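Below is one structure, written out as structure tokens; comments come after it.
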Amino acid sequence: MKAEWIFTSIQICILTFLTIFLLLPQNVKAQTENGYKKKGKASYYAHKFQGRRTSNGERYHNQKLTAAHRTLPFGTLVRVTNLRNDKSVIVRINDRGPFSHGRLIDVSYVAAKELELIAAGTATVEVEVIGMGAPDTEPNPDLIAQTVEPVVPRKINPSTAQGHKTYSIPEPSYSSVQYEPGKTYTMKGATAATKGFGVQIGSFLQAENAVNFCKGLVDKEIHQVYILVEKIKDSKKFCVVAGTFSKKKEAEAFIASLKEHGFSDGFVKKYSN
């Protein structure tokens with residue numbers, strides 16, 4: 001009797017194991033193909049991860065449309081939509097994460113640019129599975145044609161392509177830029193065609209200090225920063241403004257994300273040009 005009980009228990013354990021083993025791939029497949037859709041926070045890879053191995057063995061490349069997700073199988077193609085501006089991009093899952101509490105997905109730098117979340121750092125998104133790709137290949141170009149601008153080849157003049165030296169043009173420094181009041185500049189000294197609203201997080205009487213402050217912001221992964229020049233009496237003031245938003249409410253929402261980077265005194269600023 002005791003032997004029968006032991007044999008029956010072993011049979012039950014085996015059947016339970018086989019049931020779980022057989023159903024697990026089906027559950028993963030269902031999650032992958034049958035309408036997985038979820039909302040949550042998204043962020044993007046910092047530059048320091050360039051070239052590092054992802055969980056599926058590839059090396060992370062900031063110009064490839066990839067992403068990290070905690071559970072979706074490698075090779076899953078998902079559409080990520082920024083719910084603030086309805087911008088979408090299709091990425092391929094090739095890494096595990098994010099490991100920050102409350103985040104749903106981490107996308108590559110180029111995908112973040114498409115979603116316009118570089119300046120904010122994070123955004124509320126919707127992640128929707130649209131299919132499967134090979135684990136080690138990029139998404140089908142036909143699927144991403146609507147979200148990524150094609151690269152236009154630069155025309156080369158045959159008469160100058162051979163036998164002539166080429167020289168790189170140095171970037172202007174703050175000391176050589178003729179900052180004009182009422183205009184907005186990049187941290188490299190080029191004029192910027194900004195419009196709408198941004199968030200001012202600093203102002204300086206010296207251009208050098210404004211430029212150095214911008215460099216510090218980039219190190220904190222706040223990349224969309226500008227220097228807005230204002231006239232004060234017989235001098236100039238150099239205002240450091242982050243982000244470009246078409247609506248004031250969007251800029252106000254951006255202030256909250258800046259607080260995560262330690263900037264608590266930001267306020268909305270309208271671009272003058």
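Yes/no matrix, rows are residues, columns are (1) surrounded by 14 or more Cβ atoms within 10 Å (Cβ to Cβ); (2) closer than 19 Å to LEU258 by Cα; (3) polar (S, T, N, Q):
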{"site": "ALA192", "(1), (2), (3)": "yes, no, no"}
{"site": "GLN200", "(1), (2), (3)": "yes, yes, yes"}
{"site": "GLU208", "(1), (2), (3)": "no, no, no"}
{"site": "GLY216", "(1), (2), (3)": "no, yes, no"}
{"site": "ASP219", "(1), (2), (3)": "no, yes, no"}
{"site": "ILE227", "(1), (2), (3)": "yes, yes, no"}
{"site": "LYS231", "(1), (2), (3)": "no, no, no"}
{"site": "ASP234", "(1), (2), (3)": "no, no, no"}
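Entry remark, segment 119-151: residues being of a type in the set (Val, Ile, Thr) and either modelled with pLDDT of 85 or more or in a strand (DSSP E or B) (or both) number 6 in total.
Of the residues making up segment 86-120, those that are open to solvent by less than 40 Å² (accessible area, probe 1.4 Å) and of a type in the set (Asp, Glu) are ASP95, ASP106.
For segment 38-77: of the residues being in a strand (DSSP E or B) and over 15 Å from the mean Cα position of the chain (by Cα), which is surrounded by the most Cβ atoms within 10 Å (Cβ to Cβ)? Don't jump to the end; show me each part of the working.
Just the residues of segment 38-77 that are in a strand (DSSP E or B), to begin with: 38-44, 53, 59, 66-68, 76-77.
So of that shortlist, the ones also over 15 Å from the mean Cα position of the chain (by Cα) come out as 38-39, 53, 59, 76-77.
Details: LYS38: 14, LYS39: 13, ARG53: 11, ARG59: 12, THR76: 25, LEU77: 23.
Looking at the filtered set, the residue picked out is THR76.
Here LEU83 fulfils each of the conditions (1) surrounded by 13 or more Cβ atoms within 10 Å (Cβ to Cβ); (2) at pLDDT 90 or above apart from (1). The single condition among (1) over 18 Å from LEU117 (Cα atoms); (2) in contact (Cβ under 8 Å) with a residue 60 or more places away in the chain that ASP234 does not satisfy is (2). Checking each residue in segment 201-245 for being at pLDDT 85 or above and hydroxyl-bearing (Ser, Thr, Tyr) picks out SER203, TYR226, SER235.
Hey, any hits in segment 253-266 for a residue that's within 25 Å of GLU180 (Cα to Cα) and at pLDDT below 90? Checked against the condition, which is being within 25 Å of GLU180 (Cα to Cα) and at pLDDT below 90, segment 253-266 yields at least one hit. Residues in segment 45-99 that are in contact with a Phe, Trp or Tyr (Cβ under 8 Å, 6 or more places away or on another chain) and over 20 Å from ILE130 (Cβ atoms): TYR45, HIS47, PHE49, GLN50, GLY51, ARG52, ARG53, THR54, SER55, TYR60, ASN62, GLN63. Scan segment 121-128 and give yes if some residue there is buried (at least 18 other Cβ atoms within 10 Å of the Cβ), under 24 Å from ALA242 (Cα atoms) and out of contact with any Asp or Glu (no Cβ under 9 Å at 6 or more places or on another chain), otherwise no. Yes, segment 121-128 contains at least one residue that is buried (at least 18 other Cβ atoms within 10 Å of the Cβ), under 24 Å from ALA242 (Cα atoms) and out of contact with any Asp or Glu (no Cβ under 9 Å at 6 or more places or on another chain).
Restricting to segment 215-261, count the residues that are outside any helix (DSSP H, G or I) and within 18 Å of the chain's Cα centre (by Cα). Break it down into steps so the answer makes sense when it comes.
Residues of segment 215-261 outside any helix (DSSP H, G or I): 220-247, 260-261.
With the extra rule that they be within 18 Å of the chain's Cα centre (by Cα), the set shrinks to 220-225, 242-245, 260-261.
Of the residues in segment 215-261, 12 are outside any helix (DSSP H, G or I) and within 18 Å of the chain's Cα centre (by Cα).
From the list ILE105, ILE93, the lone residue that is under 13 Å from the mean Cα position of the chain (by Cα) and assigned to a strand (DSSP E or B) is ILE105.
The values are calculated or read from the model by the stated rules, or taken from the named source; none is laboratory data. All figures in this text were calculated on a predicted structure; none of them were measured in a lab. With ideal geometry, Cβ positions are generated from the backbone for all residues, glycine too; neighbour counts draw on all protein chains shown. Just so you know, the surface numbers come from the protein's heavy atoms only, side chains and all, with ligands and any DNA or RNA stripped out. Shrake-Rupley method; radii C 1.70, N 1.55, O 1.52, S 1.80 Å.
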